[in-house]
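K.L.:
Below is one structure. I have some questions about it.
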Amino acid sequence: MLDWLEYRKELGGRISEIGKLSPDTIAGYMTLSKAGQKTNHLDAKTRELIGLAVAVTTRCDGCITVHTGEALKHGATKEEITEALGVAIALNAGAALVYSARVMDALEQHSKA
């Protein structure tokens, strides 16, 4: 599987490059990304758990590494992450199960960091 921590660094570099070439694209993304924080109807941990479930169903490795790290930062447990993955698996069956294994791999590496 991936070196999730290194991948996150490399991804950040490429996204920074996109930001220099198209700053409004990144600004628009950041506006969408921070919208939930402004209303705060869900706490940060819950938003990250939802992010992980969506990351699995959309098969977004970048989303997996970012939201795994953020979920842990906001106090999510391995059990809570696994339950969120269960929701994704129920909705996306086999493909979600394979990508859930990727999240578990990312979780192990992030936890050791």
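Read-outs: derived from the displayed coordinates by stated rules, not from any lab. Keep in mind the model is a prediction, meaning the values are calculated, not measured.
K.L.:
If one takes the longest principal axis of the Cα atoms in the chain, at what angle in degrees, from 0 to 90 and to the nearest 10, does the Cα axis of helix 4-21 lie?
P.N.:
30
K.L.:
Could you work out the equivalent-ellipsoid semi-axes for region 1-91, taking the square root of 5 times each eigenvalue of the Cα gyration tensor, largest first, in whole Å?
P.N.:
They are 23, 17, 12 Å, listed from largest to smallest.
K.L.:
Relative to the longest principal Cα axis of the chain, at what angle does helix 44-58 sit, 0 to 90 degrees, rounded to 10?
P.N.:
Relative to the chain, helix 44-58 is tipped by roughly 80 degrees.
K.L.:
Here is a further query. Read phi for every residue in region 77-90 and hand back ³J(HN,Hα) as whole Hz from Karplus 6.51 cos²θ - 1.76 cosθ + 1.60, θ = phi - 60°, with x for Gly and Pro.
P.N.:
Using θ = phi - 60°, the values come out as 8, 4, 5, 5, 4, 5, 5, 4, 5, x, 5, 4, 5, 4 Hz.
K.L.:
Does anyone have the angle between helix 23-39 and the longest principal axis of the chain? Alpha-carbon axes, 0 to 90°, nearest 10?
P.N.:
With rounding to tens, the tilt is 50 degrees.
K.L.:
Also: When the helices in the chain are scored as -39500 (n - 2.57) per DSSP H run of 4 or longer and the sum is shared across all residues, what 222 nm value do you end up with, to the nearest 500 deg cm²/dmol? Intermediate results must be reported in sequence, preceding the final value.
P.N.:
On the way: 5 runs with 98 residues, N = 113.
Result for the chain: -30000 deg cm²/dmol, rounded to the nearest 500.
K.L.:
Per residue of region 92-102, what does 6.51 cos²θ - 1.76 cosθ + 1.60 with θ = phi - 60° give for ³J(HN,Hα)? Whole Hz please, x for Gly and Pro, Karplus curve as stated.
P.N.:
Values per residue, Gly and Pro as x: 10, 6, x, 4, 5, 5, 4, 6, 5, 4, 5 Hz.
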